[in-house]
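So the structure is just underneath, and the comments pick up after that.
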Amino acid sequence: MPIRSSRIPRPADTSGLRVDALHNRERILGAAREAYATLGLGVPMAAIARRAGVGVATLYRRFPTRESLITEVFADQMEACVSVVDDALADPDPWRGFRTVIEKVCAMQAANRGFTAAFLTAFPDAVDHERERVRAERGFAELTRRAKATGRLRADFEQADLTLLLMANSGIVAESAEDALTASRRLVAYLLRSFQADHLDRDVPLPPAPPFELRHMRGFPPARSTG
């Protein structure tokens, strides 16, 4: 049975901050969320400070390390990911729960380029982050076991196949977030059917195809600014 936890503790207590300091903190978080979502976790702290319109010293006063900023930015996504796994474990249909986890996690990944890296990265000082990540992994392993027991999931599915799926999904590059999500949904639908042992869903229509042509592969992966 899954062990539900309360909301993931925030890395910082903001109750004692002055109004201007709190405003700067929210500007930093907003700029970091936008930068990590579109460019990934490689965006320099100085670039985030520029995006937020604050000095680098101000950024480091609020977030002394890159890891502290990343864990704060992705706290909500981490909580959502763990909740998805918990809800799937509570579903009486293990195959539906298994499928739902993959669909929702891949949608999160398509919407935010930094999500997977933040989820998988081990931050030594972020104890709560690491605990929740491990709990989600163990929950998915249990969900996999149950789905196999029903005969709906192929017996030879391995945890490594989830990694392969996420790697493929993370390779989607589109001109808009909407196109990326459309492409992700179709890719995931194809892969989920390959994971099935019984193929009961083979006549269910796939999600719509994204508006991609071979010319969209030109220059892949595209260069991205970190400024």
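The values are calculated or read from the model by the stated rules, or taken from the named source; none is laboratory data. Not measured: the values here are computed from a predicted model. In this analysis, Cβ positions are derived from the backbone assuming ideal geometry, glycine residues included, and neighbour counts consider all displayed protein chains. Heavy atoms of the whole protein, side chains included, go into the accessibility calculation; ligands, DNA and RNA do not. Shrake-Rupley method; radii C 1.70, N 1.55, O 1.52, S 1.80 Å.
Tabulated results
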{"item": "Residue in the range 35-42 that is buried (at least 21 other Cβ atoms within 10 Å of the Cβ) and over 13 Å from the mean Cα position of the chain (by Cα) present", "result": "yes"}
{"item": "Selected residue (criterion: nearest to residue 117 (Cα to Cα)) from residues of the range 15-36 that are outside any loop (DSSP other than H, G, I, E, B) and modelled with pLDDT under 85", "result": "21"}
{"item": "Conditions (1) within 30 Å of residue 68 (Cβ to Cβ); (2) modelled with pLDDT of 80 or more; (3) open to solvent by less than 50 Å² (accessible area, probe 1.4 Å); number of the one not met by residue 135", "result": "(3)"}
{"item": "Among the candidates 196, 159, residue that is of a type outside the set (Lys, Arg) and more than 18 Å from the chain's Cα centre (by Cα)", "result": "196"}
{"item": "From the options 102, 70, residue that is of a type outside the set (Phe, Trp, Tyr), buried (at least 19 other Cβ atoms within 10 Å of the Cβ), out of contact with any Ser or Thr (no Cβ under 7 Å at 6 or more places or on another chain) and farther than 26 Å from residue 23 by Cβ", "result": "102"}
{"item": "Candidate set from the range 138-164 (those that are hydrophobic (A, V, I, L, M, F, W, C) and modelled with pLDDT under 90); member that is surrounded by the fewest Cβ atoms within 10 Å (Cβ to Cβ)", "result": "160"}
{"item": "Candidate set from the range 43-60 (those that are without any contact (Cβ under 8 Å) to a residue 24 or more places away in the chain and either of a type outside the set (A, V, I, L, M, F, W, C) or not in a helix (DSSP H, G or I) (or both)); member that is surrounded by the fewest Cβ atoms within 10 Å (Cβ to Cβ)", "result": "55"}
{"item": "Failed criterion for residue 83 (all others in (1) open to solvent by 20 Å² or more (accessible area, probe 1.4 Å); (2) in a helix (DSSP H, G or I); (3) at pLDDT 95 or above hold)", "result": "(3)"}
{"item": "Scan of the range 189-212 for residues that are closer than 19 Å to residue 158 by Cα, touching a Lys or Arg at 6+ places or on another chain (Cβ under 9 Å) and either aliphatic (A, V, I, L, M) or open to solvent by 70 Å² or more (accessible area, probe 1.4 Å) (or both), ordered by number", "result": "192, 197, 199"}
{"item": "Qualifying residue in the range 88-96 (condition: in a helix (DSSP H, G or I), within 16 Å of the chain's Cα centre (by Cα) and crowded, with 20+ Cβ neighbours inside 10 Å)", "result": "no"}
